[in-house]
Amino acid sequence: MALNTKLLAAVCEAHGASGYEKEICDLILADLKGYYDDYQIDTLGNLIVHKKGDGPKIMLAGHMDQIGFMVTYIEDEGFIRFSNIGGFDPFMLVSRRVRFANGTEGVIRAERVEGFPSGFNSSKLYIDIGAPCKKCVEKAVKIGDIAVYSAPCHIDENKVMTPALDDRVGCFIMMEALKQIKNPKFDCYFVFTTQEEVGLRGAKTAVHSIDPDYGLAFDVTGAYDTPKSLKGNMRMGGGACIKIKDSSVLCHKQIIDWLTNIAESNGIKYQYEILEAGGTDTAAMQVHKDGVISGCISVSSRYIHSDAEMAALSDIEDCINLTVKALETGI
Ligand code: CO
Ligand code: ZN
């Protein structure tokens, strides 16, 4: 089945930094209408979509939030200082265009720094929205407002390149899987989580309320296939990633074997994932109560947390197919 690239773009372009996921939540819920038995939005803003099935309880988790830049201080001359929501590399930010939720556009620039780049860090950065004074800025932007990267989602025949691929692509995979699945062998809870980028906070409360037997997260992972990147197994276009390890979790062997068998027996292209740095909602599910058997399906992506996160469309398709087959086959 051809990918719904229009939906993928809409999901990636919604404004939703950690703690402010309402816009993306509304979009997902509206799109899934008619495909679920019931849903709930909890205190932290997690969207919990229930698809009934005969079998053990599984929690699927993909995070709706994206990294952002929160206004901390506005200088008299109108320049905006900010704090990070989620992790980023200050070098990557210089000259990136950003957008606030009300549509105000600006650009991140750096002060002149002596000894650049050794004296360089994110405290040297500011957002310029082109307003000439503090009062003028305050008409559009207030302390605590959050900007995100402002760049359109680009999709061609091979790839998607966009901000917020992390982790809107995970949300998209779950949405498309939910629509395609027939007779799941699990009682399925599709959870579109909040605040992952600041410490897996949404997943922690959602797993408590669902209390699942199995946990399966969906997220991006690094592609180690660019010039002088770390040595590693994941390739853009190498198939759905079955996670073995990241810095937050060692996945349960039962999940790794299950997904491997499903991929093998259905001819779905896959690759194993060992991510050197970065965590996922998988970790929050795994340590719930007496422990939950947990794993993760990932999309191998280049330039994570930049405004040009890139992935292969074929990998996204492999992830959807793997998810549908896994839920329909059972464990
Ligand atoms: Co991230
Ligand atoms: Zn993520």
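The values are calculated or read from the model by the stated rules, or taken from the named source; none is laboratory data. Computed from a prediction, not measured in an experiment: that's the story for all the values here. FYI the Cβ positions are ideal-geometry reconstructions off the backbone, even for glycines, and counts take in every protein chain you see. We work out accessible area using only protein heavy atoms, side chains counted, and drop any ligands, DNA or RNA first. Shrake-Rupley method; radii C 1.70, N 1.55, O 1.52, S 1.80 Å.
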Quick check: is even one residue across region 33-42 open to solvent by less than 50 Å² (accessible area, probe 1.4 Å), part of a loop (DSSP other than H, G, I, E, B) and under 21 Å from residue 111 (Cα atoms)? no
One residue from 148, 169, 191, 160 being within 13 Å of ligand 1 (Cβ to nearest atom), buried (at least 22 other Cβ atoms within 10 Å of the Cβ) and either more than 20 Å from residue 100 (Cα to Cα) or among the hydroxyl-bearing types (Ser, Thr, Tyr) (or both): 169
Number of positions in region 196-222 that are open to solvent by less than 40 Å² (accessible area, probe 1.4 Å) and either within 14 Å of ligand 1 (Cβ to nearest atom) or of a type in the set (D, E, K, R) (or both): 12
Name every residue in region 80-100 that is surrounded by fewer than 17 Cβ atoms within 10 Å (Cβ to Cβ) and among the aliphatic types (A, V, I, L, M), in order of residue number. 92, 94
Given the criterion assigned to a loop (DSSP other than H, G, I, E, B) and either under 21 Å from residue 140 (Cα atoms) or without any contact (Cβ under 8 Å) to a residue 60 or more places away in the chain (or both), identify the matching residue among 78, 87. 78
Among the residues of region 101-110, write down those that are surrounded by 12 or more Cβ atoms within 10 Å (Cβ to Cβ) and either under 22 Å from the mean Cα position of the chain (by Cα) or not small (Gly, Ala, Ser) (or both). 101, 104, 105, 107, 108, 109
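From the list 62, 68, which one is open to solvent by less than 50 Å² (accessible area, probe 1.4 Å), within 16 Å of ligand 2 (Cβ to nearest atom), farther than 28 Å from residue 318 by Cα and in contact (Cβ under 8 Å) with a residue 40 or more places away in the chain?
68
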Out of the residues in region 309-331 that are open to solvent by less than 30 Å² (accessible area, probe 1.4 Å) and small (Gly, Ala, Ser), state the one that is farthest from residue 250 (Cα to Cα). 312
What number of residues within region 252-271 satisfy the criterion of being more than 22 Å from residue 317 (Cβ to Cβ) and either open to solvent by less than 10 Å² (accessible area, probe 1.4 Å) or of a type outside the set (S, T, N, Q) (or both)? 3
Tell me yes or no: at least one residue of region 227-234 is at pLDDT 95 or above and within 16 Å of ligand 1 (Cβ to nearest atom). yes
Tell me yes or no: at least one residue of region 292-301 is in a helix (DSSP H, G or I), more than 16 Å from ligand 2 (Cβ to nearest atom) and surrounded by 18 or more Cβ atoms within 10 Å (Cβ to Cβ). no
